[in-house]
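Here the structure is laid out as structure tokens; the discussion comes afterwards.
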Amino acid sequence: MGDRTLPQNSAPVPTSSFSPATRYLNLVNGTNLLAVEIHQINLASSDVTFALELDASVLITEQPHLGVDLSGSQFSLNWSALDPGVFALYAATNLKPPIAWQRLTNPPSLVTGVWQITLPHTNSNRFFRLQTQ
């Protein structure tokens with residue numbers, strides 16, 4: 001695939017697009033940088049437009065299991081660190097349809113190889129599940 005450069009004297013056409021779509025872009029775990037360079041036909045030209053769309057997907061080979069640890073007035077919910085951050089924790093107060101699952105706003109922390117969220121223990125019913133974002 002590689003880089004593709006438009007001809008130097010090509011006239012801009014606002015309704016056309018250049019799409020170097022490729023299945024693999026040599027992405028690595030962590031932060032990746034996508035750089036784009038735009039050239040106008042001459043310095044006086046003011047007709048440059050730019051739009052970028054990047055679609056990506058994550059292959060999850062196994063579903064994480066939700067675990068719980070109790071400690072005094074708090075409890076921790078945890079799941080496998082193999083999850084690349086595509087799961088979020090949701091809670092509901094009952095399981096009567098339609099179930100009103102609400103996403104927890106607490107960010108998970110990576111602790112000894114597992115994602116973990118610590119919550120206060122209450123006397124009310126709460127149900128939890130992991131769901132893709």
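Coordinate-derived values only; no laboratory data. Bear in mind the structure is a predicted one, so any value in this text is a computation, not a measurement. Neighbour counts run over all protein chains shown; Cβ positions are idealised from the backbone, glycine included.
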Which values of log₁₀ I(q)/I(0), to two decimal places, follow from the Debye formula for segment 67-132 at q = 0.13, 0.19, 0.21, 0.25 Å⁻¹ with a uniform point scatterer at every Cα? -0.37, -0.77, -0.92, -1.20
Fewest-first sequence of Ile41, Ile117 by Cβ atoms within 10 Å of each Cβ: Ile41, Ile117
I want to check the label-to-label distance for Phe128 and Leu66. Put each point 7 Å from Cα in the C-beta direction and report it in nm to one decimal. 0.8
